[in-house]
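The values are calculated or read from the model by the stated rules, or taken from the named source; none is laboratory data. No experiment lies behind these values; they were computed from the predicted model shown. Every residue, glycine as well, gets a Cβ built from its backbone with ideal geometry; the counts of neighbours run over all protein chains shown. Surface areas here come from the heavy atoms of the whole protein model, side chains and all, with no ligands, DNA or RNA. Shrake-Rupley method; radii C 1.70, N 1.55, O 1.52, S 1.80 Å.
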Amino acid sequence: MKNFIKEFRQYSKDNEKPYFFTEKEIQNSVEAALKLYSKKKPILREGNIVIVEGQKIYALPEDYQTWYKGLEKYDIVGNCIVLKNSFCGMISFLYYADRKITEISEKEIGLFYSYCYGNLLEKKALEMTEQGIAGGDLKTMKLGRGLELTFEDGKNSKELLLDLAKEKKQLFFDGIKGNIIGSWC
């Protein structure tokens, strides 16, 4: 994650202190992008659950989306396996899982920079509007060291920031369209 944040700061030109986007904001944005990406392009993982006598409910892995193979005989409620009969042993299965940032290919990592920039810019535009900073018209806006936007005369800065944010996020959504893996309800 640290490497992503460093590269994102280069991409967004938010690479001088004081930063415009906090590390936590970037991390939260990446996690949101990973959830969206994983819905379209999950990764297949192997899971194992050790069954102990007397216990009937077992939590599935945290990154679990849906099973692929091995859970056909079991009832799944939410993110738990519910057993009818208690027995000792192990359940092995394959499941579709959420990805980690390290599991994103180099050719698609730019989509995440774009999404995060759009997402963070959108939040900042809304925040600044609430504070009355971006409510009017302006020509140039210095968002942070190295982050400078120039607007057309007479345009509302909030709308322009939100349009730019939408455009950046759309690059991400266009990039993950297409080959959907797995199944969802």
**OP:** Inspect the range 54-62 for any residue being in a strand (DSSP E or B) and farther than 25 Å from Glu103 by Cα and give the result as yes or no.
**Re:** yes
Subject >> Count - residues of the range 16-32 that are assigned to a loop (DSSP other than H, G, I, E, B), buried (at least 17 other Cβ atoms within 10 Å of the Cβ) and of a type outside the set (Phe, Trp, Tyr) >> reply: 0
**OP:** Scan Lys69, Lys40, Lys100, Lys35 and give me the residue that is over 23 Å from Phe173 (Cβ atoms) and open to solvent by 20 Å² or more (accessible area, probe 1.4 Å).
**Re:** Lys69
**OP:** Scan Ile49, Ile109 and give me the residue that is farther than 24 Å from Asn3 by Cβ and hydrophobic (A, V, I, L, M, F, W, C).
**Re:** Ile49
Subject >> Residue selected from the range 72-92 under the condition exposed (fewer than 11 other Cβ atoms within 10 Å of the Cβ) and not in a strand (DSSP E or B), by the criterion modelled with the lowest pLDDT >> reply: Phe87
